[in-house]
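Have a look at the structure below before the remarks.
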Amino acid sequence: MKVAYFSPLPPERSGIADYSALLLPALSERIDVKVAKRAKTKPPRGTDVALYHVGNNPEAHAWIVDALRRRPGLVVLHDFVLHHLVAGMTLGRGDVGGYLEAMQRDAGVVGRLLAHGVADQLLPPIWEERAADFPLTSVVLDGADGVICHSRYVEGKLREYGYAGPVRVVPMPAWPSVELDDVPQHEGRSPVIGCFGYLNRAKRIPELLEAFERLRARFPDALLVLGGSTAPDLKLDEAVQEGVLRLEHLDEPTLWRNLAACDVVVSLRSPTMGETSGMVVRALSLGKPLAVSNVGWFSELPESVAIKVPVDEWEAVTLAGVLEQLASDDALRQRMGDAARVAARTEHDIGHVANLYVKALEEIGGGSNVRNAVVKDVARAAHDVGIDQNDPELSEIAARAREVGLGN
Amino acid sequence: MRIAVCAPQVLFERGGTEILAESLAEQLRRREHEVEEIRLPFKWYPGAAALREALQWRLLDLDQTHSNPVDLVIATKFPSYAIRHPNKVVWLVHQFRQAYELDRAEFGQFGEDPFDRATVRAVHRVDQRTLAEARRLFAISRNVADRLESSTGLHADVLPPPPQQLAYRPPQDGEYFLSVGRLDRAKRVGLLLEAAALDKGLELVVAGEGPDRERLERLSTEHGLDGRVTFAGRVSDEELADLYARCIAVFYAPFDEDFGLVPYEAFLSEKPVVTTRDAGGPLEVVVDRQNGLVCEPAPAGVAEACAWLAAHPDEARAWGRSGKLVAERITWDTVVDRLLAA
């Protein structure tokens, strides 16, 4: 089986490009993969099945969805909410009608009217505040023979949304153990708390800063490392306080070194678009204890590797308590770190993840044809003995077929 | 108890699974159980036919008959274990090997196109779901149990089947090397023929029928073995017992076989067995230089082993007697007790 592989790739800067850079070598060891060139919407010649990595960024993924529309295939859904992507592919291209249609499909007449309001600039863009209410995921699911996602949370969202095709949950792969030198030594600073990535409101940075301030009351030598570029509306420079180290634009090696210097890594999120976190997986690879929000994919991390903080009015206070607990309990950090390394080597092992990809590609790539072949035989026999499509016997046959795995 | 013994039936053929199912049913009846053998024809090609057959088994309703419950279902081999029953026990002869260890190997059935790959995966799903729902899993050999565990994560206890009850005769001085079993490529009878081509002193009797017979007869002619090889075809139980009694040793070397009743029958005839290092199940009973010879899976290795046994009749007789002690330990009492206690 030859697989056409559509994804952003380095040097493009995105989590999904990094993801593919990690996955592709392992996948290529197991199955014949032809990588599609950026912006080429035609699958590479001779391929049997297409695999599309889709995220919410229109600059990175619009061409991939264009390719998907030409030829259905297996979609790797890195975000469940795709409103921003769809807005970019419609309004961003001057296709107001396309946006109206997408909104109407998600929310009927109300959706269409709201879309009119946005297109006419009478309403603020929906993707800034209310994207989760209008995920617009159907634009991608229409062409999906099946979906790979990274969490039960997204699988549940897909079913709620009405997607009836096959869905496979494949864990995020972890980076293999990395040799690090020149790890920053934050002399006299302890504990070192790290938060990395694109820093925006959804990463709960104000709540993190408040929690850190509380932590410093008991641990005055604590250091918070905030690494990554900042969303314009966050005004982080004004908010940064004593004990906080700001690092911008970390290249990959520098990012790893700074992660390695942390005692605890914090990765908060709300609202979630159903996304995963490459930073969390990097932290697992390095054996770092985690504090995360109790939402979406993050809530599915094992208790042994992450302490989960509810997103509520006590969020900052709870987080401060979690950080204090981790700062004061060396044995707990050690246990969580060990468990993180084990998780990286097992559940998130790149070989294991690549095997699950091959399984999903093989199951879904020709799965509908296989099911159809079996169903056709059975349907012909049913017809021959006078069972028609409305008879309950057919439901019985369908139920038995599902029991042996011949459903989705 | 009212017991249904389930096995697929390859039409007009009678091999290990058919014998096992018949023998089990017979042994259960002897112990005063009511027993029905449930057979459905099995055709595993083309394309996704094996899945259609699995669905056919699934559609059977064996919960009760004439308002009387069927107390126990014992399923044996793919796809019979897809059957639904609240008290299902599987005595696994083997899974659909073309979707597992034979896949992408010499004896595989499926290619690399998406349809074939999806069919293989769908077979895995059938197994995962329908074997996992069994109340207890047994496998006929360690080899089969290990394959099951590595492919599905399911554990099966090893429960070897006793060999069929032939009228075994006292061993006579050997005249030839005997191959017994269905003639298909995976049984590798060709290895024995090629060994005979290397050693002009070897005489062979090949008992059994199957799709590989024509090729084997051609091979025999090409190697000039006419006169030294007899293709006996399908033989009666009596003839088979006689063939065992008069051979020097039995050659049995399929590739990665599940279990193999033949070595047990050879041992009950007090004959040693020649097998190969990659034979799988037979290696669980054939111990090199104790009750047979285990050689490389190549004509030269087989020829050397056969020549050695022909030249050392005392050792061959002693190893045959040693094998008999192994075979006699496997009894139907044990098998029935364990299956019914499950």
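A few points about this structure:
Rundown of residues vs (1) assigned by TED's automatic domain parsing to the domain that holds A:LEU268; (2) out of contact with any helix residue (DSSP H, G or I) (no Cβ under 6 Å at 6 or more places or on another chain), yes/no style:
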{"position": "A:PRO124", "(1), (2)": "no, yes"}
{"position": "A:ARG130", "(1), (2)": "no, yes"}
{"position": "A:ASP133", "(1), (2)": "no, yes"}
{"position": "A:VAL139", "(1), (2)": "no, no"}
{"position": "A:GLY146", "(1), (2)": "no, no"}
{"position": "A:TYR163", "(1), (2)": "no, no"}
{"position": "A:PRO176", "(1), (2)": "no, yes"}
{"position": "A:GLU213", "(1), (2)": "yes, yes"}
{"position": "A:PHE219", "(1), (2)": "yes, no"}
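- Filtering region B:104-142 to residues that are under 15 Å from B:TRP91 (Cβ atoms) and more than 14 Å from every other protein chain (Cβ to nearest Cβ) leaves B:ARG135, B:ARG136, B:LEU137, B:PHE138, B:ALA139, B:ILE140, B:SER141, B:ARG142.
- Residue selected from region A:344-371 under the condition assigned to a helix (DSSP H, G or I) and touching a Ser or Thr at 6+ places or on another chain (Cβ under 8 Å), by the criterion nearest to the other protein chains (Cβ to nearest Cβ): A:VAL370
- Verdict on A:VAL374 being more than 14 Å from chain B (Cβ to nearest Cβ) and either on the phi < 0 side of the Ramachandran plot or outside any helix (DSSP H, G or I) (or both): no
- Note on region A:281-302: residues that are of a type in the set (Val, Ile, Thr) and closer than 19 Å to A:ARG201 by Cα amount to 2.
- Helices (runs of 4 or more DSSP H) wholly inside region A:1-118 containing at least 1 residues that are within 14 Å of chain B (Cβ to nearest Cβ) and at pLDDT 95 or above: A:15-30
- Test: B:LEU192 is modelled with pLDDT of 90 or more and either assigned to a loop (DSSP other than H, G, I, E, B) or buried (at least 23 other Cβ atoms within 10 Å of the Cβ) (or both): yes
- Breaking point among (1) at pLDDT 95 or above; (2) crowded, with 22+ Cβ neighbours inside 10 Å, for A:ILE350: (2)
- Residue match in region B:16-39 (condition: within 11 Å of another protein chain (Cβ to nearest Cβ), of a type in the set (A, V, I, L, M, F, W, C) and farther than 20 Å from B:LYS88 by Cβ): no
- Residue match in region A:118-136 (condition: basic (Lys, Arg) and more than 30 Å from A:LEU284 (Cβ to Cβ)): yes
- Sole exception among (1) touching a Gly at 6+ places or on another chain (Cβ under 9 Å); (2) closer than 22 Å to A:GLY367 by Cβ for A:PRO171, by number: (1)
- Among the residues examined, B:GLU101 qualifies as out of contact with any His (no Cβ under 8 Å at 6 or more places or on another chain), more than 14 Å from every other protein chain (Cβ to nearest Cβ) and crowded, with 19+ Cβ neighbours inside 10 Å.
The values are calculated or read from the model by the stated rules, or taken from the named source; none is laboratory data. Since this is a predicted model, take the numbers as computed values, not measurements. Here Cβ is always computed from backbone atoms with ideal geometry, including for glycine, and neighbour counts include all displayed protein chains.
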